[in-house]
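Here is the structure we will look at.
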Amino acid sequence: MKKLKLILSLLIILALLSGLFVRNLNQNKEITRQEFLFDTLCTITVYEKADEAAIDPAFERAAEIHRLADFFDVSSEVSKINRAKANVPVKVDPDIMNMLTLAQDIFEKSTGAFDPSIAPISRLWKFDGENPAPPTSEQIEALLPLVGFDKLEADSQNMTVQKKLDNLQIDLGAIAKGYGADKAAEALKSLGVNKALIDFGGNIITLGDSPKGEAWQIGLQTPYAPTGEYDEVIGIYGGRAIVTSGTYQRYFEHNNIKYHHIINPKTGYPANKLYESVTVIADNAALADCLATAIFVMGEGRGKRLAAQYGAEVYFLSY
Ligand code: AMP
Ligand code: MG
């Protein structure tokens, strides 16, 4: 009887110990999930087993932003704006209003280098099409009068937008990934997650410090190299965002000339490139996303001054 009690006690201790061990193992295991949203691979990594349950709601929140901002979906809010007639107020969702308000601020401070109303011209370039070729200068010039984000009024009191031109069209491609990453991070946080890395196609936002308790080490992708080859590694502290805009992210080649997807709204042509990528570190990913695109167009001197206005840092990489 005494022996049986001893064996039972030992078994209980073993069970307890193994339970602790498993819990401990799980605590140190990172859990990564990926989904394809915003036309890119989106990754969420959490570092506690208990936080895994927050990943789905975070992706759902991001998918909601994707649906609202999808240029190609006729039922999206962006399509609703694009179809609207001039001088007719259109009710918009709060997330769309948030993006438009930030976009307007960057449009003004970048003196038009960042301009979501570039849409008709960026579509003309057909970066997603088969065998793309550059459009003619006549085609570009015909559409340039449609570009100008000051031809869209956003009224955040009444949550409406109003266009001044029937054919003004917007594309939130240069801000939506960053904004979506921020909203995914907020969803994780509201569900109790305090350590996570959210990477939406190079639009990264961090929650808390890295699992080692220090800055997150983020590699700057070497332009045109396979994903995962880094030029430089940068340490960023928890809560900060890091976003890259690069020529290699979307481009085509025609007669040995590369044409990339970041358009100078003043000319309608791909922005002059003295570098292949611009990386911005800022307080949130939506801001960093806008700034990276804007600074790519503006160049180093003016771009650095714009970044400084937002307490952001900038890195430029050449080929
Ligand atoms: P990003 O990858 O954030 O630099 O955004 C580039 C995308 O935003 C392009 O694929 C276009 O859809 C759009 N875009 C291109 N040029 C501009 C610009 N100057 N301002 C705002 N959006 C732009
Ligand atoms: Mg951007």
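The values are calculated or read from the model by the stated rules, or taken from the named source; none is laboratory data. Values in this document were obtained by computation on a predicted structure and should not be read as measured data. No Cβ is skipped: glycine too gets one built from the backbone with ideal geometry, and neighbour counts run over all protein chains shown.
A few comments on the model shown:
- On inspection, ALA288 does not qualify as closer than 22 Å to GLY148 by Cβ and buried (at least 20 other Cβ atoms within 10 Å of the Cβ).
- Across the range 202-225, the qualifying residues are those that are within 16 Å of ligand 1 (Cβ to nearest atom) and outside any strand (DSSP E or B), and the one among them that is farthest from ILE281 (Cα to Cα) is TYR224.
- For the range 281-294, filtering for residues that are near ligand 1 (Cβ under 10 Å from one of its atoms) and in contact with a helix residue (DSSP H, G or I) (Cβ under 7 Å, 6 or more places away or on another chain) leaves 5.
- Residues that are free of Cβ contacts under 8 Å to residues at least 60 places away in the same chain and not in a loop (DSSP other than H, G, I, E, B) within the range 155-186 are absent altogether.
- Identity of the residue in the range 211-233, of a type in the set (S, T, N, Q) and at pLDDT below 90, that ends up surrounded by the fewest Cβ atoms within 10 Å (Cβ to Cβ): THR227
- The residues of the range 226-254 that are assigned to a loop (DSSP other than H, G, I, E, B) and within 16 Å of ligand 1 (Cβ to nearest atom), listed by number, are THR227, ARG250.
Conditions (1) surrounded by fewer than 18 Cβ atoms within 10 Å (Cβ to Cβ); (2) at pLDDT 95 or above; (3) within 16 Å of ligand 2 (Cβ to nearest atom), marked per residue:
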site	(1), (2), (3)
GLY235	yes, no, no
GLY246	no, no, yes
ASN264	no, yes, yes
GLY268	no, yes, no
ASN272	yes, no, no
THR279	no, yes, yes
MET298	no, yes, yes
LYS304	yes, yes, no
